[in-house]
Amino acid sequence: MLRRALLPLLLLCSGGLSSPAQDAPPRLLERVPSLKSEMAGDRALRLAFEAALSGDPEAARRYLPLAAHRPWFEEMNFRDSCTLARALDQEVDPGPPNQTSAALAERLVLAGGLRNPALALRESGQYLPLAGGRRLFERFVLSAPDEAMALASGTTRTASSFRDLLSSVGSPEFLLLARLAADSSIDLPRRARMAILARPIARGELSFERALRIAQDTHEFFATVLDMRLTADPADLPSLDRALENESLVLCRAAQEGLQRIVATDLSRFRARDLYAMLALGRAEAPPAVFAAIFDRLLLPKWKAETPRGASLIAFLDGTDNWELRDFSSAALAAHRFDGLLAVAGREVVDRLARGLDRSRDPLREAIRLAEFVDAAAGTVFLRQMADVVSREFLRCRTASDPRGTTLYGLLAARLSVDSIAAPYLPFFQSSETLDTAALFGSANLCIQRHFFYDDDDGVRSFESFRKTYQRDPAWEIEDRGAYVRLTGRGADGRRIEIFANVPIDCHLPENRAREGEAQRRQQAIAAALDARGLVPAVIVHRGHSFWVRKTLSYLANTARLVILGSCGGTTEVHAVIEASHDAQVIATRGTGETEINDWLLKAMNDRILNGERIIYWNTFWQELRTRQGRSALFADYIAPNQDPGTVFLCAYYRCLDAMN
C-alpha cells in the first residue's frame, strides 16, 4: 500500500497531475523522460510497473513496452509476470509479432525465469498454458539442468510428470535428461553433475561413460566445467556458473570440517585457476582460516612458480573479463592475504577491481562488492591507489554523460574520502539505524513470519532448537500441521505474531532417500495456507547452509521488511535481498552462523516486537546482545542492518535516486 501511495509523488513531482499511476498510465509515462535525471525516471517507472503488475493488469499492459528493455525487467515478481502473460496470451494484437503485448509479457516471464530458474521450474504450471510455454520451459531447463534433474528424479507422480515433460521436447539433450532422471542406479548427486554435462554428451563431444567417470570425481568435474565455461556461448554460462558455485560451496564447507584432509587429498590436484574459482565462488563457506590455508599451501606456490609470476591468473582474467575478481579479492583481504595477491599481480589488480563498473552486466551489484571491499580495507596503501582509479573513472563517466556510472563512482569516491568529488554524495550515507516495528504488522495488528529449513542433518537440528526455544514460553502456542508448524504469539496492544516454518527431514538417511524434494513440497503447503488467508510475510528467516540461500530468496517478495540470513557468510547475499525488497532491513553473518545464536537473537527480537516496542535502535539492541553473549566469538560475526557496508551503499544509491527526482 505504501508503494502505491508513493506512485503519484514519484511520477508527478515535476508536473501537476494528481491521478494515481494505475489510473492513467499513458499520461504518466509521458512524464518519465522529463524527470530531472534518467536514473530517477527509470526508478519511477520501475515502481509504477511493479505496483501495476501486482494489482492492475490493464495498467501493467500499458507500461509493458517501456519496461521491456530496462535492466530490472528480470527482477519482477515471477508469479505476477505469469499472471499478466496468461491474461494477454489470448488477446488479438495487430502489432509486429515481437512487439505485441503477449510477446512482451512472454519476454517478461523469460527474463524472470532465467534470473531464477529453480523457481521457474518449480512453478512451471504458471506459464505452460501460454502459447510459448513449452519454449519457456526448455529455456529454464537448459539454464538449470541440475535443478530439472532433481525435480524429475524419484517415484512421485510429480517427478514422473516432469520426466514426461522433458521427454516430450524430443531433442537429444532432453531425452538424455529424462533417461538420467529415471535411472535410479546412479545416485542423485552424480545425476545432477551429469545433467550439467548433458549438452556435450548429446552432441557427441563426450561419451556417456566418460561423463559418468567425470561426475564421480570432484576434481575432474570441477576442471571440466571450468574449461567448458571458457569457451561456452553466453547463453550457457548461467548453468555452468551455478554448478561451479554449488561445488565450491560444498568443498569449502568440507574444508571447514576437515582442513588438513581436504588440502592433502581433494584439492591437491586442483590447478591454480580451479583454486581461484573455488575460493571466489565458495566465499560464503570459506572463513578466513580456510581461505588462508588453501591460499598459502596450494594457490600462492603455484602462482609463484610461474614465469612471470601469476601469469595464469592474468591470462584467466583476460579470458573471462576479470570474472569473480572482486569476490576473490574481498575474501583475500578478510584473510589478510591481499598482499600475497598483490605480490603476484601488482597494481594491475587494483585497476581491474575498480575499472569499468559501468560497463559490467550489473553495475550496481559490482559497485556494492567494491564498497564492501573498500570498507574492509580501510587505512591501507591499496585504498590510495583505489581512490586514484575511482577518481579517473568518475571523470570518464561524467564526461560521457553517464548518470548511473557517475553516481556509482561518486558514491564510491565519498566512501574513499576523495575531497574533490565526495561532498554532494556524503549526505546519502545514512545507515538504517532503527527499525519501526509497526512496518512489520498488517491492518489486523498481525505480523507474519516465514522460516525456511532444509532437508539435511543441519536443518533437522536447527528446527528442533528453534521449536524448543518457543516451547518454553507460555506466550507462544505451537500448532503442528504435519508438513509445517504454526507458532502464534500474543503480546501488548493486541499485537500477534504468526510464524510458519516447514518441518525438515534428513534426506541423507537411508529411510528418507525416496523423499527428495520434501522441503519444497512443504514450502508449497505453507504458500497455499498463506494464500488462502491472503497473508504476506513481512519477515523472512533463512535457516541452513549458504548453498540453500538461493532457494529461500526465490520466495522473497518486495513486501519483506526484515530478512534474517542465518547461514554462514550470509552478508554475501544482502544485496540480493535489498534488490528484491528495497525497504527491507537485513541481519546476516560474516562468518559462521550458529544455531543457538540464531534462535536466541530471533527470540529476543520477537519478544521486543510482540511486547509493543515501537522502535528498535540497532546499536543499542546489538550492544545489549553483545553484553549477554560476550563470551561468544561467533556473535561478533553477526551484522546488524546498519553495520553492513553493502546495505549502506545500496540504500545510499536509492536515496540518491530519490533526491534526483
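Numerical summary
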{"item": "Burial ranking of peptide ranges 617-626, 526-535 (average Cβ count within 10 Å, highest at the top)", "result": "617-626, 526-535"}
{"item": "Calculated Rg and Dmax of the chain using C-alpha coordinates, Å", "result": "25.0, 71"}
{"item": "Spacing of the two label points (7 Å from each Cα toward its C-beta) at Arg461 and Lys304, in nm", "result": "3.7 nm"}
{"item": "Intensity falloff of the stretch 304-345 expressed as log10 I(q)/I(0), Debye formula with alpha-carbon point scatterers, at q = 0.33 Å⁻¹", "result": "-1.09"}
{"item": "Net length gained if the chain between Ala557 and Arg213 were fully extended (0.36 nm per residue, minus Cα distance)", "result": "119.7 nm"}
{"item": "Where only C-alpha atoms are counted, convex hull volume of the stretch 221-345 per residue in Å³", "result": "93 Å³"}
{"item": "Dipole-positive endmost among Leu45, Pro129, Ala538 within the chain (Cβ charges, Cα centre)", "result": "Leu45"}
{"item": "Expected-Rg normalisation [2.2 N^0.38 Å, Cα atoms] applied to the stretch 171-284", "result": "1.08"}
{"item": "Length released on extending from Glu257 to Ala235, taking residue separation times 0.36 nm less the Cα-Cα span", "result": "4.4 nm"}
{"item": "Global geometry of the stretch 376-434, whether rounded, prolate or oblate, following the gyration tensor of its Cα atoms and the 1.5 cut on a/c", "result": "oblate"}
{"item": "The chain: DSSP helices with Cα axial extent of at least 24 Å and average Kyte-Doolittle hydropathy no lower than -1.0", "result": "38-55, 237-257, 381-399"}
{"item": "Gyration tensor verdict on the stretch 250-291 (Cα atoms; rounded if a/c is under 1.5, prolate if a/b is larger than b/c, oblate otherwise)", "result": "oblate"}
{"item": "Whole-number percent relative contact order across the stretch 350-409, with pairs defined as alpha carbons under 8 Å at least 6 apart", "result": "40 percent"}
{"item": "The chain: relative contact order as a whole-number percent, Cα under 8 Å and 6+ apart", "result": "10 percent"}
{"item": "Rounded to whole Å, sorted largest first: equivalent-ellipsoid semi-axes of the stretch 84-191, Cα gyration tensor", "result": "30, 12, 11"}
{"item": "Value of Rg/Rh across the stretch 423-535 [Cα atoms, Kirkwood radius]", "result": "1.11"}
{"item": "Ranked by how many other beta carbons lie within 10 Å on average, peptides 113-123, 289-299 from highest", "result": "113-123, 289-299"}
{"item": "Normalised contact order of the stretch 80-178, rounded percent, pairs of Cα under 8 Å and 6 or more residues apart", "result": "19 percent"}
{"item": "Size of charge dipole - the chain - debye, nearest 20, with Cβ of Lys, Arg +1 and Asp, Glu -1, no other charges", "result": "240 debye"}
{"item": "Förster-model FRET efficiency, 22 Å R0, Arg614 and Glu433, C-beta, rounded to 0.05", "result": "0.90"}
{"item": "Label point distance in nm, Arg396-Arg347, each placed 7 Å from Cα along Cα→Cβ", "result": "1.5 nm"}
{"item": "Fraction of accessible area attributable to carbon and sulfur, the chain (%, probe 1.4 Å)", "result": "50 percent"}
{"item": "Of all DSSP beta bridges in the chain, antiparallel share, percent nearest 5", "result": "50 percent"}
{"item": "Calculated P(r) tail over 15 Å for the stretch 496-565, as whole % of Cα pairs", "result": "60 percent"}
{"item": "Volume per residue that the Cα convex hull of the stretch 285-391 spans, once the total is divided by residue count, Å³", "result": "102 Å³"}
{"item": "Dipole magnitude of the stretch 221-286, debye to nearest 20 (Cβ charges: Lys/Arg +1, Asp/Glu -1, about Cα centre)", "result": "240 debye"}
{"item": "Separation in nanometres of the label points that stand 7 Å from Cα toward Cβ, at Thr627 and Ala532", "result": "4.6 nm"}
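The values are calculated or read from the model by the stated rules, or taken from the named source; none is laboratory data. These figures come from a predicted structure and were not determined experimentally. FYI the Cβ positions are ideal-geometry reconstructions off the backbone, even for glycines, and counts take in every protein chain you see. Calculation scope for accessible area: heavy atoms of the full protein, side chains included, ligands and nucleic acids excluded. Shrake-Rupley method; radii C 1.70, N 1.55, O 1.52, S 1.80 Å.
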